[in-house]
Amino acid sequence: MPDTLKRPGHKITIRTLLLRDIGGLFLIALGAVLAVTLYFGNQGGQAVMRENANGTIGAIKKTLSGHFNPALKAAEMVGRRAMPAGPPMSATVQEMAKTAMYLHPHIRAMALIWDGGHMEWIASDGTTGSRATSAGSVEGKAVAEARLIGGSYLAAPIYSEDAGLTLLSARSPVFDDEGHYLGVAAAAISPLDISVFLRDVEIDGGAVFVLDENDRLLAHPFLTDSSLQALMSREKPLLNATELGDPVLAALLDPKQRETGTLDENTGAEFWTATVGGTEYVALAQRVAVAHDNLYTVGVYLDLAATSYADMVRYLTYGAVAGLLVMGLAMLRLRQLAERIRQPVTELASASSAVARLDLETVPEIGGNPVREFDEAAGAFNAMIAGLTQFRVYVPRSLVMAIMQEREIRGVSSVEREITVLFTDIVGFTGITQKYPPDQVVALLNEHFTLMSRAIAAEGGNIDKYTGDSVMAFWGAPAARPDHAAACLRTARQIAGLVRADNLKRIERGLEPIHIRIGIATGPAIVGNIGAPDRINYTIIGDAVNVANRLEQLGKQVAPDADVCVLVASETAASSGAPADLADVGLFELRGRTGAVQVFRLGLEPAKAGQTSPL
């Protein structure tokens with residue numbers, strides 16, 4: 001890939017990618033599901049609690065109406081019948097009152113108070129009585145209050161010393177047909193009767209209550225206790241939660257200890273929460289209008305842990321914990337999956353890095369994989385390595401590496417470079433091919449080229465081609481190097497040493513020794529990819545190539561009997577620093593080229609001390 005392509009500066013592993021992106025999406029999705037579930041579960045729990053609250057409060061409201069409305073109706077009916085006739089109360093009126101109290105046992109007594117200052121009453125046991133009243137008395141104030149209100153209402157609770165308990169008075173002002181105010185009729189009822197009813201309502205860990213406008217208790221299961229009734233008096237007709245001995249309700253009514261919220265905006269129902277003794281309680285309450293402007297608070301409190309809402313929250317919590325566990329297991333499984341993906345990809349990446357370095361010997365065979373795509377990729381990669389292993393024998397590794405280092409966007413372009421070219425040739429090869437069978441000739445060539453290749457590669461040279469028994473190699477491209485000529489001469493010396501050593505072995509085996517000629521030239525040449533689009537060679541073209549080839553052929557004339565003859569052009573001698581083992585052999589006209597060339601012969605024996613170059 002071209003160097004000019006931009007690569008990301010920050011890189012992450014496949015495992016990180018999978019865990020971050022896929023795992024992140026999974027966490028977001030699961031988190032969203034949990035959040036929605038918890039939200040709607042909470043809403044559902046509140047709806048259940050709201051329904052329960054409305055049902056309980058509705059039952060209390062019905063109880064209150066069953067106590068207050070009959071008393072208000074009885075006072076109105078008896079008053080209309082009795083008061084226009086004036087005192088005393090007739091037997092018919094008395095029977096009417098007794099009937100009302102019989103039908104509604106919670107009515108303890110009924111009274112008629114005329115505006116003229118006279119009062120009569122009848123109790124549920126039939127006892128009657130009368131007395132005069134004054135404007136400043138309780139009865140006189142009741143007459144004035146009823147006239148001012150002008151309709152049926154519940155008076156403030158008062159403590160009756162005669163009855164020994166607190167009473168509520170259901171009062172109804174009476175007017176004649178002409179609208180003249182006659183007085184007020186009243187029916188006395190006791191909140192104790194309501195408390196008796198509330199006592200029978202079973203609330204685990206809680207209680208039902210009714211409060212007046214001042215948060216005093218009109219009804220509560222505790223009020224059925226006679227000892228608490230004894231705490232009431234004319235000055236204190238009702239008790240508060242603390243006096244009642246109910247710390248939970250006291251905390252729920254204390255603004256400093258409780259937290260409040262709206263349960264139902266349509267009905268005005270509220271919920272209060274407070275913690276008492278380490279237990280969290282919740283109260284569901286609603287203010288209700290009973291008669292005229294009488295507003296009472298009815299409600300129920302209970303241990304929050306015992307509510308259906310708490311059960312639902314608990315189950316939702318269990319679900320959330322289970323969801324988190326599933327999330328954790330899924331992330332663990334995703335990590336395992338990421339590792340299973342990472343391992344073969346890492347193996348391929350590591351092997352590919354070795355391929356990029358052309359270290360095919362170190363590339364391990366990629367094993368199979370249960371994932372089909374990975375298994376196919378491994379098979380294709382192994383097949384590619386097998387192909388490259390075969391292909392690399394046709395293209396020198398060093399050349400390919402050099403080309404990769406010099407690569408450009410459109411491949412390797414042709415450039416002019418100063419290079420040094422070497423040609424080798426086996427003397428009398430035609431006779432050898434006629435003397436030996438083809439397989440032996442091929443074996444000889446392979447052994448010979450192996451020696452050539454070893455020496456050339458040792459000095460960083462590139463083999464351009466094998467032609468018959470000849471080798472063409474060059475130095476100075478693709479990567480430029482200033483010592484290309486010297487490197488080529490060192491290679492020639494190594495070739496000579498290798499050939500002579502090999503000849504000794506051949507002689508020992510009874511084979512004829514091999515003589516070679518080498519031509520070396522230096523000069524500018526075009527270096528690059530040359531050929532048709534579907535078949536190109538990385539090669540060199542220039543006069544130096546022709547000169548090196550002609551110098552190799554000139555060896556027949558200069559040293560026909562030498563086992564190794566190396567002829568070097570003057571440009572090579574000068575570029576290599578004029579080594580002492582170069583000897584001038586004169587000027588020669590080379591075939592196919594105009595002008596004489598000064599030729600040197602490389603001495604292949606170690607140079608003697610003090611010997612200098614003829615240049």
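I'd like to know if region 170-177 contains one or more residues that are of a type outside the set (D, E, K, R) and surrounded by fewer than 20 Cβ atoms within 10 Å (Cβ to Cβ).
yes
Applying the selection to region 530-542, what residues are farther than 13 Å from residue 472 by Cα and surrounded by 14 or more Cβ atoms within 10 Å (Cβ to Cβ)?
Listed by number, the list holds a single entry, 542.
Looking only at residues that are touching a helix residue (DSSP H, G or I) at 6+ places or on another chain (Cβ under 9 Å) and of a type outside the set (A, V, I, L, M, F, W, C) in region 178-189, which one is least open to solvent (accessible area, probe 1.4 Å)?
Per the criteria, the residue is 183.
When you look at residue 155, is it touching a helix residue (DSSP H, G or I) at 6+ places or on another chain (Cβ under 9 Å) and buried (at least 23 other Cβ atoms within 10 Å of the Cβ), yes or no?
no
Does residue 583 meet the test of being of a type in the set (Gly, Ala, Ser) and closer than 21 Å to residue 473 by Cβ?
Here the answer is no, as residue 583 does not meet what is asked.
Could you pull out the residue among 532, 487, 479 that is on the phi < 0 side of the Ramachandran plot and without any contact (Cβ under 8 Å) to a residue 40 or more places away in the chain?
Unique residue meeting the criteria: 532.
Conditions tested, residue by residue: (1) open to solvent by less than 80 Å² (accessible area, probe 1.4 Å); (2) modelled with pLDDT of 90 or more; (3) part of a helix (DSSP H, G or I).
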| position | (1), (2), (3) |
| --- | --- |
| 243 | yes, no, yes |
| 248 | yes, yes, yes |
| 252 | yes, yes, yes |
| 255 | no, yes, no |
| 263 | yes, no, no |
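With the requirement that a residue be open to solvent by less than 80 Å² (accessible area, probe 1.4 Å), more than 23 Å from the chain's Cα centre (by Cα) and either among the polar types (S, T, N, Q) or at pLDDT 75 or above (or both), what does region 329-370 give you?
346, 350, 352, 353, 366, 369
Condition first: on the phi > 0 side of the Ramachandran plot and surrounded by 14 or more Cβ atoms within 10 Å (Cβ to Cβ). Can you find one or more residues in region 578-595 that meet it?
yes
Would region 16-34 turn up any residue that is open to solvent by less than 60 Å² (accessible area, probe 1.4 Å), modelled with pLDDT under 70 and assigned to a helix (DSSP H, G or I)?
Looking for residues that are open to solvent by less than 60 Å² (accessible area, probe 1.4 Å), modelled with pLDDT under 70 and assigned to a helix (DSSP H, G or I), one finds at least one in region 16-34, hence yes.
Name the pairs: first residue in region 542-560 and within 11 Å of residue 427 (Cα to Cα) and in contact (Cβ under 8 Å) with a residue 40 or more places away in the chain, second residue open to solvent by 40 Å² or more (accessible area, probe 1.4 Å) and charged (D, E, K, R), Cβ to Cβ under 7 Å, at least 6 apart or on different chains?
That search, which allows pairs on different chains as well, returns nothing.
I'd like the full set of residues that are in contact with a Ser or Thr (Cβ under 9 Å, 6 or more places away or on another chain) and among the polar types (S, T, N, Q), limited to region 474-521.
none
With more than 60 Å from the chain's Cα centre (by Cα), in contact (Cβ under 8 Å) with a residue 40 or more places away in the chain and open to solvent by less than 40 Å² (accessible area, probe 1.4 Å) as the only criterion, which of 140, 164, 126 stands out?
Just one listed residue meets the conditions, 164.
Filter region 558-577 down to the residues that are of a type outside the set (Gly, Ala, Ser) and either open to solvent by 30 Å² or more (accessible area, probe 1.4 Å) or in contact with a Pro (Cβ under 6 Å, 6 or more places away or on another chain) (or both) and list them by number.
558, 560, 561, 563, 571
Of all residues in region 457-490 being under 60 Å from the mean Cα position of the chain (by Cα) and part of a helix (DSSP H, G or I), which is surrounded by the fewest Cβ atoms within 10 Å (Cβ to Cβ)?
My answer is 458.
Kindly evaluate residue 447 against the criterion of being of a type in the set (Asp, Glu) and not in a helix (DSSP H, G or I).
The answer is no for residue 447.
Only one residue in 555, 519 is part of a strand (DSSP E or B), open to solvent by less than 60 Å² (accessible area, probe 1.4 Å), within 26 Å of residue 445 (Cα to Cα) and in contact with a strand residue (DSSP E or B) (Cβ under 9 Å, 6 or more places away or on another chain), so which one is that?
Selected residue: 519, the only one of 555, 519 that is part of a strand (DSSP E or B), open to solvent by less than 60 Å² (accessible area, probe 1.4 Å), within 26 Å of residue 445 (Cα to Cα) and in contact with a strand residue (DSSP E or B) (Cβ under 9 Å, 6 or more places away or on another chain).
Residue 208 - would you say it is within 22 Å of residue 58 (Cα to Cα), outside any helix (DSSP H, G or I) and not basic (Lys, Arg)?
Yes; evaluated as a whole, the condition is true for this residue.
The values are calculated or read from the model by the stated rules, or taken from the named source; none is laboratory data. Treat the numbers as computed from the prediction; the structure is a model and nothing was measured. Counting neighbours? That spans all protein chains shown, and the Cβs are built from the backbone with ideal geometry, glycine included. Surface accessibility is based on the protein's heavy atoms, side chains included, excluding ligands, DNA and RNA. Shrake-Rupley method; radii C 1.70, N 1.55, O 1.52, S 1.80 Å.
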